[in-house]
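Trainee: Sharing a structure below in structure tokens format, with a few things to ask.
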Amino acid sequence: MRERGQAISVSLRQDSPIPLAAELVCAPGELTALIGPSGSGKTSILRCIAGLLRPREGRITCGPRVWLDSASGIALSPQERRVGLVFQDYALFPHLSALDNVREALTHLPRTAGLGRARELLARVRLEGLERRRPTELSGGQRQRVALARALAREPAVLLLDEPFSAVDQMTRRKLQEELARLHREIRVPILQVTHDLAEASALADRMVVLSRGRTLQAGTPQEVINRPRGRTAARLVGQRNLFRGRVRGPADDGPGRLLLEWGERVLSVETQERFAPGTKVDWMVPASAVLWHRPDRPVSGDRENPVEGRMLELLALGDCWRVTLAVDGPGDHRLFFDLPAHAARRHGLAAGDNARVSLLGSAIHLMPMEETA
């Protein structure tokens, strides 16, 4: 059975001790990932939602119910907010069994009903048969499942996950990610997850919120945020490395919706929906996936689009691909980063120091207002 939930809306403001200028909305049945560097306020936002931290100014609503409104003096206690919170360090009672750890969150039910519900929740997170084990007798992944079952025991209006998989090995992490994906399908409450893992956020989240120094830089789908960041800082935080500056020359004549972008001595043709006046200085980026290497033996589609030549400074083998660093010919220390299939790099005998030619797909080049302090 799918639980019904209501959207949560969060607006937080304070200058100290932890700066916050955060805005976010998470719909029922939606998983929103909070990403950003350490100290960007991700955990503080979860604590404010849970009622464990009270900001100087803010408003938090869950459906029609106001949990926090600093202007009106409203600040519900954590118990009144019905929040399920899963910490990265599990926070289980070491002297209690898995079953009793979950029962501790079921004090609103009669003892017999609470026992049955605790068993149901442990079965839901695939811990049948381990009910009597204490935390020290469970693996890291099993302890995290107990913590999740306990969070669900409160029948939460919102589920908050603070780096829930950071303390487990990679294989266990993948299994727990699968469990979260299943849970996400089944429950209809907002889920907010703090993570440093961009790949995890991209795979699991419906929406992504990028934070820096407590401030919301951007919110949107993972694809929007990663491929269309609002600025240079946001682009860096979502892992974009091909970041440059240029100047808009004006409309291009090779198709509607295209602009000419001056990049040093080069002029690139860019397909964009953004509107920039001629002469505007901009930051721009191109994803590594939109940098196409020209095979010396056979040209490919796109060879003539924004061609760039340079010298390969480094080819780093990473599993099935090689990561290439290309020093672009011409003035300025411009470097492009892109990946090549390992078999292609080996077949052509590529090595550091080789000259190379690439194309930058104009449809993937993204223009951003220039950040003066970047």
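Trainee: Scanning for something closer than 22 Å to T195 by Cβ, among the hydrophobic types (A, V, I, L, M, F, W, C) and surrounded by fewer than 22 Cβ atoms within 10 Å (Cβ to Cβ), does the range 40-47 turn up at least one residue?
Mentor: For the range 40-47, residues closer than 22 Å to T195 by Cβ, among the hydrophobic types (A, V, I, L, M, F, W, C) and surrounded by fewer than 22 Cβ atoms within 10 Å (Cβ to Cβ): absent.
Trainee: Could you list all residues from the range 216-234 that are touching a residue at least 24 places away in the same chain (Cβ under 8 Å) and under 12 Å from the mean Cα position of the chain (by Cα)?
Mentor: Correct list: A219, P222, I226, A234.
Trainee: Is it the case that the range 203-215 has a residue that's surrounded by fewer than 23 Cβ atoms within 10 Å (Cβ to Cβ), free of Cβ contacts under 8 Å to residues at least 12 places away in the same chain, in a helix (DSSP H, G or I) and out of contact with any Ser or Thr (no Cβ under 9 Å at 6 or more places or on another chain)?
Mentor: No, the range 203-215 contains no residue that is surrounded by fewer than 23 Cβ atoms within 10 Å (Cβ to Cβ), free of Cβ contacts under 8 Å to residues at least 12 places away in the same chain, in a helix (DSSP H, G or I) and out of contact with any Ser or Thr (no Cβ under 9 Å at 6 or more places or on another chain).
Trainee: Name the single residue, out of those in the range 61-90 being under 19 Å from S16 (Cα atoms) and open to solvent by less than 30 Å² (accessible area, probe 1.4 Å), that is farthest from the chain's Cα centre (by Cα).
Mentor: D69
Trainee: If the requirement is being part of a strand (DSSP E or B), touching a Leu at 6+ places or on another chain (Cβ under 7 Å) and without any contact (Cβ under 8 Å) to a residue 40 or more places away in the chain, which of these qualifies: L315, L350, L336?
Mentor: L315
Trainee: Checking H95 against (1) assigned to a helix (DSSP H, G or I); (2) open to solvent by 70 Å² or more (accessible area, probe 1.4 Å); (3) not aromatic (F, W, Y), which single condition isn't satisfied?
Mentor: (1)
Trainee: Just one of the numbered conditions (1) surrounded by 15 or more Cβ atoms within 10 Å (Cβ to Cβ); (2) touching a helix residue (DSSP H, G or I) at 6+ places or on another chain (Cβ under 9 Å) is not true of E186; which one?
Mentor: Going through (1) surrounded by 15 or more Cβ atoms within 10 Å (Cβ to Cβ); (2) touching a helix residue (DSSP H, G or I) at 6+ places or on another chain (Cβ under 9 Å) one by one, E186 breaks only (1).
This table checks each residue for (1) in contact with a Lys or Arg (Cβ under 7 Å, 6 or more places away or on another chain); (2) part of a helix (DSSP H, G or I); (3) under 22 Å from Q193 (Cα atoms); (4) among the acidic types (D, E).
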position	(1), (2), (3), (4)
I49	no, yes, yes, no
R59	no, no, yes, no
V102	yes, yes, yes, no
H108	no, no, no, no
T112	no, yes, no, no
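Trainee: Now for a separate question. Filter the range 21-39 down to the residues that are over 11 Å from the mean Cα position of the chain (by Cα), of a type in the set (G, A, S) and buried (at least 22 other Cβ atoms within 10 Å of the Cβ) and list them by number.
Mentor: Result: A22, single match.
Trainee: Going residue by residue through the range 321-333, is there one that turns out to be touching a residue at least 40 places away in the same chain (Cβ under 8 Å), within 19 Å of V238 (Cβ to Cβ) and either part of a loop (DSSP other than H, G, I, E, B) or of a type in the set (D, E, K, R) (or both)?
Mentor: The answer is no; no qualifying residue exists.
The values are calculated or read from the model by the stated rules, or taken from the named source; none is laboratory data. This one's a predicted model, so the numbers in the text were calculated from it and none came from an experiment. For neighbour counting, all protein chains shown are included, and Cβ atoms are generated from backbone atoms with ideal geometry for every residue, glycine included. The protein model used for the area step is the full one, side chains on, heavy atoms only, and it has no ligands, DNA or RNA in it. Shrake-Rupley method; radii C 1.70, N 1.55, O 1.52, S 1.80 Å.
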